[in-house]
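Student: My questions all concern the structure below.
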Amino acid sequence: ETVLEDNFYHELTYHLVWEPNSTTIWSDLCNRVVYVYICDALAAPLWILDAQGNPMPGARHLCTVTANLSGLYSELTLQYGLDGRQYYGIVYYVLVALGGTELSARIRWYQGGVPYEGPATIIPDAFTR
């Protein structure tokens with residue numbers, strides 16, 4: 001049995017990508033939703049959800065994290081993929097505190113190499129059913 005310390009945060013990395021002519025960038029950033037799953041199985045499955053969207057054996061939905069990432073809009077830069085196609089992309093991190101008596105979450109991103117953190121709303125699984 002593993003006991004987590006009170007200040008233990010698990011960091012989840014997310015990449016968002018849009019085509020240059022996308023009209024959903026702003027709304028995607030303002031209303032970011034991340035579904036967090038955990039696995040109680042001894043051996044974690046390769047995929048957390050099956051083809052129908054159901055958790056694999058031993059996996060369960062822990063919580064839903066929502067955040068406003070509109071501050072990252074100014075960080076969008078036109079990038080080029082290996083195939084030469086253009087896209088806009090950002091990277092952000094969801095930090096979920098797992099060691100205390102209640103769940104909490106933060107959002108982390110980098111602007112010019114400097115880390116920033118902001119609040120996130122966490123909705124426990126019990127409230128999403």
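Student: Starting from the Cα of Trp18, move 7 Å in the Cα-to-Cβ direction to define the label point; list residues of the range 71-87 whose amide nitrogen is under 19 Å from there.
Tutor: Taking a point 7 Å out along Cα→Cβ of Trp18, the residues of the range 71-87 whose backbone N falls under 19 Å are 71-81, 85-87.
Student: Based solely on its DSSP helices, what 222 nm [θ] is calculated for the chain when runs of n ≥ 4 H residues each add -39,500 (n - 2.57) and the sum is averaged over all residues, nearest 500 deg cm²/dmol?
Tutor: -1000 deg cm²/dmol
Student: Can you give me the accessible area per residue for the range 1-121, using a 1.4 Å probe, in Å²?
Tutor: 67 Å²
Student: Looking at the chain, what % of its DSSP beta bridges pair antiparallel, to the nearest 5?
Tutor: The antiparallel fraction comes to roughly 100 percent.
Student: Now, a different point. If the viscosity is 1.002 mPa s and the temperature 20 °C, what Stokes-Einstein diffusion coefficient in µm²/s follows for the range 37-94 when Rh is the Kirkwood radius over Cα pairs? All intermediate terms of the calculation are to be shown ahead of the outcome.
Tutor: Values: Rh = 14.8 Å.
Estimated via Stokes-Einstein, D reaches 145 µm²/s.
Student: What's the ranking of 31-37, 72-78 by average number of surrounding C-beta atoms within 10 Å, highest first?
Tutor: Per-residue Cβ counts within 10 Å, averaged per peptide and sorted highest first, yield 31-37, 72-78.
Student: Could you give the length gained on full extension between Asn68 and Asp40, defined as 0.36 nm per residue of separation minus the Cα-Cα distance, in nm?
Tutor: Values: separation 28, 0.36 × 28 = 10.08 nm, distance 3.01 nm.
Using 0.36 nm per residue and subtracting the Cα-Cα distance, I get 7.1 nm.
Student: Of the heavy-atom accessible surface of the range 20-129 (probe 1.4 angstrom), what whole percent is carbon and sulfur?
Tutor: Working: 3900 of 7030 Å².
Taking all protein chains in place, the range 20-129 shows 55 percent carbon and sulfur surface.
Student: In nm, what is the difference between 0.36 nm times the number of residues separating Asn31 and Leu82 and their Cα-Cα distance?
Tutor: Numbers: separation 51, 0.36 × 51 = 18.36 nm, distance 2.92 nm.
Stretched out fully, the Asn31 to Leu82 stretch lengthens by 15.4 nm.
Student: Rounded to two decimal places and with Rh computed the Kirkwood way over Cα pairs, what is Rg over Rh for the range 1-82? Walk me through the numbers on the way to the answer.
Tutor: Values: Rg = 16.8 Å, Rh = 15.9 Å.
In the range 1-82, Rg relative to Rh is 1.06.
Student: What shape does the range 33-129 have by the C-alpha gyration tensor, where a ≥ b ≥ c are the square roots of the eigenvalues, rounded means a/c under 1.5, and otherwise prolate means a/b greater than b/c and oblate the rest?
Tutor: It is oblate, given that a/c is not under 1.5 and a/b is not larger than b/c.
The values are calculated or read from the model by the stated rules, or taken from the named source; none is laboratory data. Treat the numbers as computed from the prediction; the structure is a model and nothing was measured. Cβ sites come from the backbone with ideal geometry, for glycine too, and all protein chains shown count toward neighbours. Quick note on the areas: whole protein, heavy atoms, side chains included, nothing else; ligands and nucleic acids left out. Shrake-Rupley method; radii C 1.70, N 1.55, O 1.52, S 1.80 Å.
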